[in-house]
Amino acid sequence: PTLGERELALRTRARRVIPGGMYGHMAVEAFSTAHPQFMVSGDGCRVTDADGREYFDLMCGWGPVVLGHRHPGVAAAVADQLSRGDCLDGTSPLAVELAELLVDTVPSADWAMFCKNGTDATTTCVTIARAATGRRKVMVANGAYHGAVPWCSLRGAGVTDEDQAHLVHFEYNDLASAEAAAAAAEGDLAAIIVCPMRHDIRRDQELADPAFARGLRALADRTGAVLILDDVRCGYRLDLGGSWEPLGVRPDLAAWSKAIANGQALGAVTGIEALRDAARSVYVTGSFWYAAVPLAAGLATLTELRKGTALPDMARTGTRLREGLAAQALSHGFQIRQTGPVQMPVLYFAGDDDVRLGTAWAEAAVENGVYLHPWHNWFLSAAHTDDDIEEILTRTEAAFATVARM
Ligand code: PMP
């Protein structure tokens, strides 16, 4: 693999002044020797790295970019608000407009609050649930990612047992384990937090069994716990009304971020009427939570998505991508697994438990100009046209050919 000169120089400088050269999910050295760590621009479904190499983007900024980089409508709203200011002394009126639009779009939402990140949103949901119930325990699925702060972090370093003392774990799609977790919480259960599907890293994605989703709803009702849907990753790609709408299961609180402002820093919490007072009672805030530009982006993004073509477009292009990849793998004699919704693909090779083959394939895809990931789900955007998908497939074909020769 050949990283560019600027990339290599930046990595050297970064290692001096940034711990590890980069951290979190942007520390590409953790997963690849071919993925560039630094990028300088994006346009539609393409991104450009620091060396000027262009890629078809199948990560979409790791989720936020749902309409495409620099979508004209969102870019205009951002530029317009930026020309008048962003961080002001009072909240932008756009917060009211966006809250109204969310309440109109999301059936389980009677109100909305805004923040910056998915972690802000999930943490705020948990705080509201505890305030509402006066209880402490929170049920979390094993391996589920709800953010990178101590109460929910999946990594041990710097996290104390006490930070997670009130978490009770259950197995995704296993209602009996959820019932057992609720029983273990013994009347102290404040909340059940759950993702619309299982999308843990390094494993196949698993759609929610409708009976499991309905069972969690019933369990929350029976125990008086708050059902929190963590729609941070799936939100705005599967169903605008919330990712469990197609299952007919409505949460009490929902956490949103990533795609809701097409790449601007915005998170949201929506909730039911019965939790309005609890939401009012908690003290949650942040210096940038009221900034106007991301709210303008959020309004433009939801307005565009409500026109109704983007989600069906992603379903169509995602289906074509999945079919194309399946055919290519077959023709090269590889057995692969593609799981979860087509708008959020992930691909693993059979028997490749350490993802070495998958990593080699992902690196070959990058070298052929398609930016995707070996063990984190990818994301499609509405900017990926049918022609873009065909072009992506000619490049992934080359990637399969490369690993077939190895
Ligand atoms: N919940 C889920 C399901 C997520 O996928 C993420 C981010 N990957 C988060 C919460 C945390 O969001 P953020 O990184 O914006 O804090």
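Remarks
- When residues in the range 239-266 are screened for being surrounded by 24 or more Cβ atoms within 10 Å (Cβ to Cβ), in contact with a strand residue (DSSP E or B) (Cβ under 9 Å, 6 or more places away or on another chain) and closer than 21 Å to D200 by Cβ, 9 of them pass.
- Top-ranked residue of the range 210-246 - restricted to ones that are among the acidic types (D, E) and either modelled with pLDDT under 95 or in contact with a helix residue (DSSP H, G or I) (Cβ under 6 Å, 6 or more places away or on another chain) (or both), ranked as farthest from the ligand (Cβ to nearest atom): D239
Residue-wise test of (1) more than 23 Å from A131 (Cα to Cα); (2) assigned by TED's automatic domain parsing to the domain that holds C45; (3) among the aliphatic types (A, V, I, L, M).
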| residue | (1), (2), (3) |
| --- | --- |
| S257 | no, no, no |
| G263 | yes, no, no |
| R276 | no, no, no |
| V282 | no, no, yes |
| F288 | yes, no, no |
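- Qualifying positions in the range 335-348 - more than 14 Å from L207 (Cα to Cα) and either buried (at least 19 other Cβ atoms within 10 Å of the Cβ) or in contact with a Cys (Cβ under 7 Å, 6 or more places away or on another chain) (or both): I336, L347, Y348
- Listed by first and then second residue, the pairs linking a residue in the range 291-310 that is closer than 15 Å to G263 by Cα to a residue that is surrounded by fewer than 24 Cβ atoms within 10 Å (Cβ to Cβ) and small (G, A, S), with Cβ atoms under 6 Å apart and 6 or more places separating them unless they lie on different chains, are A292/S92; P294/A265; L295/S92; L295/A95; A300/G73; E304/G73.
For (1) under 22 Å from the mean Cα position of the chain (by Cα); (2) within 16 Å of the ligand (Cβ to nearest atom), each residue gets a yes or a no:
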| residue | (1), (2) |
| --- | --- |
| L8 | no, no |
| I18 | no, no |
| M39 | yes, no |
| W62 | yes, yes |
| V65 | yes, yes |
| V74 | yes, no |
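- Elements of type strands (runs of 3 or more DSSP E) in the range 99-209, at least 2 residues being away from the ligand (no atom under 12 Å from the Cβ) and closer than 18 Å to G242 by Cα: 111-115
The values are calculated or read from the model by the stated rules, or taken from the named source; none is laboratory data. Quick caveat, the model's predicted, so the values are computed rather than measured. Ideal geometry is used to build each Cβ from the backbone, glycine not excepted, and the neighbour counts take in all protein chains shown.
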